[in-house]
Amino acid sequence: MSETQPESTADSKAAGFRTTHWSVVLAAGGGASPDAAEALERLCRSYWYPLYAFVRRKGYSHHDAEDLTQGFFARFLEKRYLNEVAAEKGRFRTFLLCSLSHFLANEWDKSQRLKRGGGVPHVPLNTVDAEERYRLEPNPSGTLEDSFDRAWAETLLSLALARLRGDYESAGKGERFGELKPFLLGEPGAGAYAQISIRLGMSEQGVKSAVHRLRRTFRELIREEIAHTVATRSEIDEELRYLIRLMTS
């Protein structure tokens, strides 16, 4: 197995907007397309937490937020909102928040009576872990929309990181990933490369090269995750810059 194989999965970025992309959903419009349905469900399952946190920050209780999020996704996956909310279809992030705001403004009187399993298709969401994550988050600064975007960015980074970890583990290099992960977003302290080289049985230069590859692949995977959520390839860099501003502000 080659030294760079764990990083090679990001090469698919040139493959185009596949069936898991928001662009596929937009291209299908309100029509019944299996690819669009698959893409929409995949995106919802990946990015529902920022919406749950948004509802909680609006002042709803844990149970009400759970019911609202469930009710929203049940209707959203039926594509009722794809044609009703037309203002922000460029990015899945902005479209999803616009749709949720529409739902909260017009559907709360109905959805508050819909308890789990009460008349709408159940969408499996891990709300137990979501509530724990929500409680551990620091008090947000800025607007509710800013908090939503920050949660979105954190979710996107988590998805990219999980893919990166999976690539290394599949290649039998989980231990290496664990040692190198702390260097993804920061520079190592004095002597850190030497210490890791001993633990991994590599040269110090080999460790530096491995860190460089890890960072490069992580950036590529982040771009791939962003590509799932925008309508056109030209929006990827703009969304990436916005994500970086969110995480560094």
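Starting from the exponent 0.38 and prefactor 2.2 Å, build the expected Rg for region 122-248 from its residue count and divide its actual Cα Rg by it.
Numbers: Rg = 17.3 Å, N = 127, 2.2 N^0.38 = 13.9 Å.
Ratio of Rg to 2.2 N^0.38 Å for region 122-248: 1.25.
Of Asp237, Asp149, which has the most accessible area and how do the rest follow, probe 1.4 Å?
Working: Asp237 70, Asp149 15 Å².
Final ranking, largest accessible area leading: Asp237, Asp149.
Residues in region 204-209 carry Karplus couplings, in order, of 5, 5, x, 5, 4, 5 Hz; the curve used is 6.51 cos²θ - 1.76 cosθ + 1.60 with θ = phi - 60°, and Gly or Pro positions show x.
The values are calculated or read from the model by the stated rules, or taken from the named source; none is laboratory data. In this text the structure is predicted, and so the values were computed from the model without any measurement. The protein model used for the area step is the full one, side chains on, heavy atoms only, and it has no ligands, DNA or RNA in it. Shrake-Rupley method; radii C 1.70, N 1.55, O 1.52, S 1.80 Å.
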